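A quick write-up on the structure given underneath.
Coordinate-derived values only; no laboratory data. What you see is a predicted model; the values in this text were computed from it and never measured. Counting neighbours? That spans all protein chains shown, and the Cβs are built from the backbone with ideal geometry, glycine included.
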Amino acid sequence: MSAQKSLPTTIALGVARGGLEIRQFMRQRESVVFTLAFPIILLAIFGSVFKTTLAEGVTFSQYFVAGMIASGLVNTGFQQLAIIIPMEREFGSLKRLRGTPMHVASYFIGKSILVFVSMALQVLLLLAAGMIFFGVQLPTDPYKWFTFTWLIVLGSAASTALGIAFAAVPKSGRGASAVVSPVVIVLQFFSGVFFVFTDLPGWMQQVAAIFPLKWMTQGMRSVFLPDSFAIREVAGTWETERTLIILLIWLIAGIFLAIRTFKWSRD
Amino acid sequence: MNVIEVQGLHKSYADTKAVDGIDLTIAHGEIFALLGPNGAGKTTTVEILEGFRKADSGSISVLGFDPSSRGVQSRVWRNRIGIVLQSTADAGDLTVVETLSHFAKYYSAARDVDEVIASVGLDEKRSALIRTLSGGQRRRLDVGLGIIGSPELLFLDEPTTGFDPEARRAFWSLIESLRKGGTTILLTTHYLDEAEALADRVAVIARGKILEVSTPAQLGGRASAKARVQWKAGGVIQEEMTDNPTEVVRKLAAQFPGEVPELQVLRPSLEDIYLSMIGEK
């Protein structure tokens, strides 16, 4: 079968889809503004409202930037995909793809590339704005940059997989945002994005500890806050290994669920 | 060689029988039209053949393959077919040429993108964003996406709904050119003139069953049906059903001194036959 040989590989098509997804994303002004500018706006608001210093050399902005990057992982991956995929399903775009020889994995790879690239852009802009306007300081220790890198890679991958999985929940494309956004906002409050995590009630901390955002946020604090601050975490340390393990578990669960629940069309 | 072979196809949803025992054979290079009212089982049948739905029972072979199978063979099979769905309304932030070039990458032997754009008449819109296209232009892009992979078998589900008469004619000539290239086409349509203009054979389907399969000219005994000759005499419309309309007209011509008033010879249109078959007339 010569046709079989010359079919393009799943990876090559995944990369092609990634390029296409990014092009589409860049042409949707609302999504670009929401994804790239919104975190900076939030940083500006919280940086102006809370002028407190949490510890020696730790401003609220410094604390908050860690939370913003972590919730960026949830916004660009989970939230974006869980809203967009039901719309693509409703519009019939997914059904059309289903009718082509493209493998579903190429579609997933394309979405992962979209999430990773928009996440990288968001982080660059947020850190640049944070440094210039809000005195945010970047880590100098290479080990912290190593942690930062795997948190971004693993975090966007898990967030992508969970977003694809959660996209099975909204009944319609139009209603997706109403189903997904509250989940994300509640998670952000519980996970210590907007407030100092240890100031939250104990039950809230325990609920948050089940979900990945708390661990992403804590991981990012280990990158952006001095190590002396670790003593003020719930466990008294950054719990880096535990963070790695929990995010890996969520990634695997996300991939498993995404494959099991993915639907090309509504019926 | 038959491209599609279906025997004893059944499919039910909850307590309704959408498809209730359909047999279908479509030969290589044939243009075959499925006619039927809404809810007759057309779309269900086609979606089973496209591999979108699973039949409850029946044997199905499309290009020698069971469409409900999965895996690598299914990708190879999809590489040989083209599907134009009933409606697709993407957000449309890509241009015509970007969309077609991207879909071309999915296939092992895609057609030339510019050639496809020309054949669906979108030359002037090649760099336009999809969301700026009119309904008819979007539909033509759908058809372009259906044929980009040079399919051996093309499914067209109500392809010209919402077209103006000129666009429909242009679309018909596109289908004619695909026929010349040897593409087998399964078409569903509401338009009987479309079926008559394009199809080699038509099947009328109602309540999940095929009522008849025939050529458009012979459907429902159309070719042998009696003609109705109508004229006016004494202020009243007269008519006669006959197998020899010429004879009747000759008789009338002798009867009247000049023009036969309001003379008409009527044969049942495909639409008349179709409506009487599905019990609407």
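Mind checking which lysines have their Cα closer than 16 Å to the Cα of B:Lys209? Skip sequence neighbours fewer than 8 apart in that chain.
B:Lys11, B:Lys17, B:Lys42
Would you mind giving the three semi-axes, in whole Å and largest first, of the ellipsoid equivalent to the protein assembly as shown according to its Cα gyration tensor?
After scaling each eigenvalue by five and taking roots: 63, 23, 21 Å.
Label points 7 Å out from Cα along the Cβ direction at A:Glu30 and A:Ala105: separation in nm?
Here the modelled spin labels are 3.5 nm apart.
Find the centroid of the Cα atoms in the stretch B:1-70 and in the stretch A:197-219, then give the distance between the two in whole Å.
Cα centroid of the stretch B:1-70 versus Cα centroid of the stretch A:197-219: 53 Å apart.
Regarding the stretch B:227-268, what whole-number volume in Å³ per residue does the convex hull of its Cα atoms give?
Dividing the Cα hull volume of the stretch B:227-268 by its residue count gives 62 Å³.
Per the Kirkwood formula on distinct C-alpha pairs, the Rh of the stretch A:65-167 is how many angstrom?
15.0
Sequence-distant or interchain residues sharing an amide H contact under 5 Å with B:Glu212, placed H: which?
It is B:Val204, by chain and number.
For the charge dipole of the protein assembly as shown, defined by +1 on Lys and Arg C-beta atoms and -1 on Asp and Glu C-beta atoms about the Cα centroid, which residue among B:Val113, B:Met241, A:Val74 has the Cα displaced farthest towards the positive pole?
A:Val74
Rounded to the nearest Å, what's the spacing between the alpha carbon centres of the stretch B:119-139 and the stretch B:166-200? Just the number, please.
Distance between centres, Cα-based: 20 Å.
Between the helical axis of A:80-91 and the dominant principal axis of chain A, each derived from Cα atoms, what acute angle in degrees is found, rounded to the nearest 10?
In chain A, helix A:80-91 runs at an angle near 20 degrees to the longest axis.
Normalise the Cα radius of gyration of chain B by 2.2 N^0.38 Å (N = residues in it) and let me know the number.
Relative to the rule-of-thumb radius for its length, chain B sits at 1.20.
Past 26 Å, Cα to Cα: identify those pairs from A:Lys111/B:Lys125; B:Lys54/B:Lys125; A:Lys171/B:Lys125; A:Lys111/B:Lys105, in the order given.
A:Lys111/B:Lys125; B:Lys54/B:Lys125; A:Lys171/B:Lys125
Which value, in debye to the nearest 20, describes the size of the charge dipole of chain A about its Cα centre when Lys and Arg Cβ atoms bear +1, Asp and Glu Cβ atoms bear -1, and nothing else is charged?
Dipole size: approximately 1160 debye.
Under 5 Å between amide hydrogens, which residues at least 5 positions from B:Ile83 or on another chain qualify, with H placed 1.01 Å from N in the peptide plane?
B:Phe155
Placing +1 on the Cβ of each Lys and Arg and -1 on the Cβ of each Asp and Glu in chain B, which of B:His102, B:Pro257, B:Ala227 has its Cα farthest towards the positive end of the resulting dipole?
B:His102
Any chance you could give the angle, 0 to 90 degrees and rounded to 10, that helix A:176-190 forms with the longest Cα principal axis of chain A?
Rounded to the nearest ten degrees, it is 20.
Express the relative contact order of chain A as a whole percentage, based on alpha carbon pairs under 8 Å and six or more residues apart in sequence.
In percent, rounded to a whole number, it is 29.
In Å, what is the Rg of the alpha-carbon atoms in the stretch B:41-95, and how long is Dmax?
Both quantities, over Cα of the stretch B:41-95: 13.3, 42 Å.
Would you work out the relative contact order for chain B, in percent, from Cα pairs under 8 angstrom that are 6 or more residues apart?
21
May I ask you to order A:183-193, B:229-239 by the average number of other C-beta atoms within 10 Å around their residues, highest value first?
A:183-193, B:229-239
Restricting attention to the stretch A:1-68, which chymotrypsin sites (Phe, Trp or Tyr not before Pro) occupy a DSSP loop and are surrounded by at most 14 other Cβ atoms within 10 Å?
none
Which order, highest average first, do A:112-119, A:155-162, B:101-108, B:159-166 follow once you tally other Cβ atoms within 10 Å for each residue and take the mean per peptide?
Result, highest mean first: A:155-162, A:112-119, B:101-108, B:159-166.
Output the 0 to 90 degree angle, nearest 10, between the alpha-carbon long axis of helix A:38-49 and the longest principal axis computed from the alpha carbons of chain A.
Between helix and principal axis, roughly 20 degrees.
Whole angstrom only: what separates the Cα centroid of the stretch A:101-126 from the Cα centroid of the stretch A:59-77?
Value for the Cα centre distance between the two parts: 19 Å.
Over the stretch B:62-157, calculate the relative contact order: mean separation of alpha carbon pairs under 8 Å at least 6 apart, over the residue count, as a percent.
Over the stretch B:62-157, the number comes to 46 percent.
Assigning unit charges at the beta carbon (Lys, Arg +1; Asp, Glu -1) and nothing else, what dipole magnitude in debye, to the nearest 20, does chain B show about its Cα centre?
360
Mind jotting down a quarter of the surface of the convex hull over the alpha carbons of chain A, in square nanometres, one decimal?
15.4
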